[in-house]
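A quick write-up on the structure given underneath.
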Amino acid sequence: MKGSKEHVHRMLDGDPAASAELSPDQTEELATYAKALRGLETARVSVPPGFTERVMAVLPESIDVPWGERIRSLWPGQGRWVIPAVAGAMATVLCAFGVPLITGGTNRPVEVTFELHAPDARSVELIGSFNGWRRGEAALQGPDATGHWSVTVPLDPGRHEYLFVIDDRQMVPDPSASLYRPDGFGRTNAVIDI
Amino acid sequence: MHMSRMTRAVLLMWGVAITVSTSAGDTVPTDWPALQSLCEEAGLDATPVREIFRHCQRERIGIGDAHAMLGWAIEASREELPARPVMAKIVEGLGKGVPPEDIAEVSRQRVRHLYRAREIIRAADGRLAVEPVIVAGAQAMESGVSEDAVRVVVEAGRDSRAGDLQALLEAGEELYLAGFGSEDIPPMLIDCLQRRLNRVELRRAVRYACQQRQRGMEPRRIRQALWGGEQGSQQQHQNREHNGQGGGIGPGPGGPRHGRGRP
């Protein structure tokens with residue numbers, strides 16, 4: 001097709017005269033190509049039965065990427081900031097929640113059961129540094145058949161001092177505590193380390 | 001309690017200074033809002049202050065008595081000492097129905113111990129003078145451990161991290177409360193330091209020592225039982241390091257009297 005390149009450009013530029021300059025054969029050929037092009041754009045190609053299963057069967061389950069490559073892919077570069085972003089987020093959380101750096105341990109409360117053998121008591125209460133030495137917050141349940149009273153309370157890790165209040169008047173330290181400390185007021189507190 | 005003349009002089013001067021500053025610097029507030037303003041100006045934590053106010057009003061404690069108690073927390077805060085343990089003592093006293101004047105006196109003593117503990121720790125290494133360590137030192141002295149013993153332990157542990165020194169001071173107090181004399185505490189804890197016990201190992205060693213002391217064993221014999229004599233202990237320590245075993249020290253504590261979560 002002589003001068004076809006120029007013709008094509010003129011036709012693409014929307015010059016109606018370009019089409020008029022084509023010979024009848026060229027016009028017919030062009031129509032054939034145009035029809036084929038439209039067919040490609042709108043065609044729905046159906047795959048033979050079992051095609052997907054066969055393709056999946058030959059694909060490997062995982063692609064073996066070397067560890068060095070994987071770690072490099074997490075580091076800045078290639079537009080990725082995964083490690084710095086995670087580290088930054090963790091530092092923010094640590095600062096925001098004041099994670100204790102001195103004690104080093106977790107700060108989750110621990111369920112602690114306090115028991116007292118007082119078969120004749122009418123009521124037993126637990127007061128301590130963990131509840132502001134307030135009455136009416138931690139009543140022991142009991143007595144059971146053996147004369148024991150008990151209560152379970154959540155305590156933060158650390159050292160706590162406490163007493164039992166029997167019948168709303170008598171304060172006694174826990175006889176089973178492993179440590180006692182004078183309270184400065186003439187009494188002795190039981191001490192528990194969590 | 002043994003105290004050098006210099007220590008006595010410093011304590012006396014400081015006591016006088018605080019008494020003068022609290023009595024002359026602050027006029028006693030005439031109403032609760034004025035006392036609250038004083039507390040706020042001193043930067044006291046609002047929660048325990050509210051708790052103390054509630055107690056005072058419920059027990060009909062006058063503003064003068066309330067100020068006498070809280071004045072020590074205010075003073076601690078102004079001196080940049082931990083004020084929380086002072087307020088905790090006030091709350092404890094009120095919860096137990098202790099007369100306000102006794103609470104004020106115990107609070108004064110607590111501030112004095114906090115001050116002394118901070119001075120001792122600062123002298124060893126200023127970076128260690130953080131609240132938990134200061135409080136542990138003060139509580140040890142409050143329980144009866146001599147200032148000299150606290151000083152020796154702090155000096156010995158000056159290369160430790162703050163948390164480790166705190167644990168060491170708490171261990172010293174525990175030993176004292178179990179019947180060790182103040183003079184027996186530093187050697188026992190220095191043994192632990194030299195063997196680089198971690199906090200769990202330290203706790204086990206102290207528990208064991210306390211149990212043996214309560215059974216009547218002499219401190220010197222307890223150390224021997226723990227370390228097997230100086231030579232033996234050094235050899236054991238070297239062997240342990242050589243074998244790459246960091247854990248375990250001497251005999252176990254014989255089982256705690258209460259497990260974790262059950263006193």
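The values are calculated or read from the model by the stated rules, or taken from the named source; none is laboratory data. Here the structure is a predicted model, which is why all the values come from computation and not from measurement. Here the Cβ is made from the backbone with ideal geometry for all residues, glycine too, and neighbour counts use every protein chain on show.
Values for this structure:
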quantity	calculated
Filtered residues of region B:101-152 (kept if more than 14 Å from B:Q166 (Cβ to Cβ), small (G, A, S) and surrounded by fewer than 23 Cβ atoms within 10 Å (Cβ to Cβ))	B:A104, B:A123, B:G126, B:S143, B:G144, B:S146
Selection from region B:79-93 of residues that are under 18 Å from B:C39 (Cα atoms) and either within 11 Å of another protein chain (Cβ to nearest Cβ) or in contact with a helix residue (DSSP H, G or I) (Cβ under 8 Å, 6 or more places away or on another chain) (or both)	B:E79, B:L81, B:P82, B:A83, B:R84, B:P85, B:V86, B:M87, B:A88, B:K89, B:I90, B:V91
Breaking point among (1) hydrophobic (A, V, I, L, M, F, W, C); (2) at pLDDT below 90; (3) assigned to a helix (DSSP H, G or I), for B:I249	(3)
Complete set of residues in region A:137-150 that are closer than 23 Å to A:D183 by Cβ and away from chain B (no Cβ under 11 Å)	A:A138, A:A139, A:L140, A:W149
Residue match in region A:116-129 (condition: at pLDDT 65 or above and assigned to a helix (DSSP H, G or I))	yes
Condition met for B:I90 (of a type in the set (A, V, I, L, M), over 22 Å from B:I52 (Cα atoms) and at pLDDT 95 or above)	no
Check on A:R134, surrounded by 15 or more Cβ atoms within 10 Å (Cβ to Cβ), in a loop (DSSP other than H, G, I, E, B) and in contact with a helix residue (DSSP H, G or I) (Cβ under 7 Å, 6 or more places away or on another chain)	yes
Candidate set from region A:159-188 (those that are part of a strand (DSSP E or B) and in contact with a helix residue (DSSP H, G or I) (Cβ under 8 Å, 6 or more places away or on another chain)); member that is nearest to A:R122 (Cα to Cα)	A:Y162
Residue that is farthest from the other protein chains (Cβ to nearest Cβ), among those in region A:173-194 that are surrounded by fewer than 20 Cβ atoms within 10 Å (Cβ to Cβ) and β-branched (V, I, T)	A:T188
Given (1) more than 40 Å from the chain's Cα centre (by Cα); (2) at pLDDT below 95; (3) more than 9 Å from chain B (Cβ to nearest Cβ), index of the condition A:F164 fails	(2)
Sole residue being among the small types (G, A, S), within 14 Å of chain A (Cβ to nearest Cβ) and under 21 Å from B:V49 (Cβ atoms), chosen from B:S143, B:S160, B:S107	B:S107
Condition check for B:E75: in contact (Cβ under 8 Å) with a residue 12 or more places away in the chain and not aromatic (F, W, Y)	yes
